[in-house]
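Reviewing the structure listed below.
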Amino acid sequence: MKVFRGLPTIKGHAASAVTIGNFDGVHRGHQALLRQVREAADRLGIAAVVMTFEPHPREFFAKKAGTPEKAPTRIANLRDKLQGLAMSGIDKVLVEHFNAEFASLSPEAFIKDILVDGMNVKWLMVGEDFCFGARRLGNIDTLIAAGKQYGFEVHTFGTVSDAGGRISSSAVRSALQQADFATANHLLGYPYMISGRVVHGQKLGRTIGFPTMNMRIAHNHPALSGIFAVQVHGLADKPVPGVASLGVRPTVDDSGRVLLETYLLDFTANCYGKLLQVEFLKKLRDEEKFVDLPTLITAINMDVTNARAFFKVQASFAVSATDRI
């Protein structure tokens, strides 16, 4: 899969079947839409293309309005979103920088400059409530009229639901905020993970007996925060259990920067620079600010004890299930 930051600079590239959206989480509803894009591209002999945005348009407008706290939380970082799109068979992804200039495009300019000249669209699928252009003045009717003018098909995609209700990014965010990982995983169609490269940190953890792997979160709006029992993929032949803190570390840092720190249980390795995936299994507690380091250390010891108890129960369930086979 090829990834472009904005439109390719060379005109006249291959014709494309296109869909447009944020695709936060690439959940089962997104996957159903992307299958139709892939099928249309195969049928027409053209490329399957996704246009997505960075930052989220609602994040841009919330910041512009001076209310960044109203921005939606994010399920996935850009790396994980792109991985989900690649797994759905997409050929190209255009990551459009959503800024004031892009937001001010008229619907007509968006269609002509972006879809027709920039993407060579021949087939387009968007959600039933899709709006675009300055002040969201463009809609499905605008696209249908433009399709007749420029020669591309327009199709709409409705809501995907199952017995549990509507499958949406909002539903995934709600499940994650409640640390309901069973529901989140069901909506996503895969276990919820955050991937990233291990970077050097303050190395405070090793001085208090709990060395951690640090992963930076590029945005400040994760869909969950707190202390979790996790397992880490990419270090060994099987996942490595651990305890992770996702948040701003208020006891030791006042910068407000979000960090994912993971303490591995009974595993030691040089992890710096490695690309790993942290899978969230159970929330242990909320993040909190402690009065001093000894109090923090006591809390971490309890987190480790609780995580070990959780993994012991999980292991006993696995053994019991094996016995029943």
- Task: With a ≥ b ≥ c taken as the square roots of the eigenvalues of the C-alpha gyration tensor of the range 1-66, please select rounded if a/c is under 1.5 and otherwise prolate if a/b is larger than b/c or oblate if it is not?
- Result: oblate
- Binned at 5 Å starting from 0, the alpha-carbon pair-distance distribution of the range 85-193 in whole percents comes out as 2, 10, 15, 17, 17, 15, 12, 9, 3, 0
- As a check on your grasp of the helix formula, calculate [θ] at 222 nm for the chain: sum -39500 (n - 2.57) over DSSP H runs of n ≥ 4, divide by the residue count, round to the nearest 500. -9500 deg cm²/dmol
- Solvent-accessible area of residue 67 with every protein chain in place, 1.4 Å probe, in Å² to the nearest 10: 40
- Message: Restricting to Cα pairs below 8 Å that are 6+ residues apart, what does the relative contact order work out to for the chain? Please round to a whole percent.
- Response: 16
- Gyration tensor on Cα atoms of the chain, a ≥ b ≥ c root eigenvalues, a/c under 1.5 rounded, else prolate if a/b beats b/c, else oblate, says prolate
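From the square roots a ≥ b ≥ c of the eigenvalues of the alpha-carbon gyration tensor of the range 104-154, which class results: rounded (a/c under 1.5), prolate (a/b over b/c), or oblate?
oblate
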- Message: Strictly over 29 Å apart at the Cα level, which of 64/282; 64/112; 2/64; 92/148; 238/282; 70/122 would you flag in this model?
- Response: 64/282; 2/64; 70/122
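Please report the relative contact order for the range 53-208, taking Cα pairs under 8 Å with a sequence separation of at least 6, and give it as a percent rounded to a whole number.
Answer for the range 53-208 is 18 percent.
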- Query: Which value, in Å² rounded to 10, gives the accessible area of residue 216 with a 1.4 Å probe and all protein chains present?
  - Reply: 140
- Query: If you take the Cα Rg of the range 92-133 and divide it by 2.2 N^0.38 Å, with N the number of residues, what do you get?
  - Reply: 1.18
- With θ set to phi - 60° and the Karplus curve 6.51 cos²θ - 1.76 cosθ + 1.60, what are the ³J(HN,Hα) couplings of the range 98-108 in order, to the nearest whole Hz, using x for Gly and Pro? 8, 9, 4, 5, 5, 5, 8, 4, 6, x, 5
- Message: Using a 1.4 angstrom probe on the protein heavy atoms only, could you order 4, 152 from most to least accessible area?
- Response: 4, 152
- Query: When only the heavy atoms of the protein chains count and the probe is 1.4 Å, how do 291, 313 rank by accessible area, highest first?
  - Reply: 291, 313
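Using only the heavy atoms of the protein chains and a 1.4 Å probe, how would 28, 308, 135, 58 rank by accessible area, largest first?
Correct descending sequence by accessible area is 135, 58, 308, 28.
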- Could you state how much accessible area residue 271 has, in square angstrom rounded to the nearest 10, with a 1.4 Å probe and all protein chains kept in place? 10
- Long-range amide H contacts for residue 6: which residues qualify at under 5 Å (H placed 1.01 Å from N, peptide plane, sequence gap of 5 or more or a different chain)? 95, 96, 97
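The values are calculated or read from the model by the stated rules, or taken from the named source; none is laboratory data. This structure is a prediction, so every number in the text was calculated from the model and none was measured. What goes into the accessible areas is simple: the full protein's heavy atoms, side chains included, and nothing from ligands, DNA or RNA. Shrake-Rupley method; radii C 1.70, N 1.55, O 1.52, S 1.80 Å.
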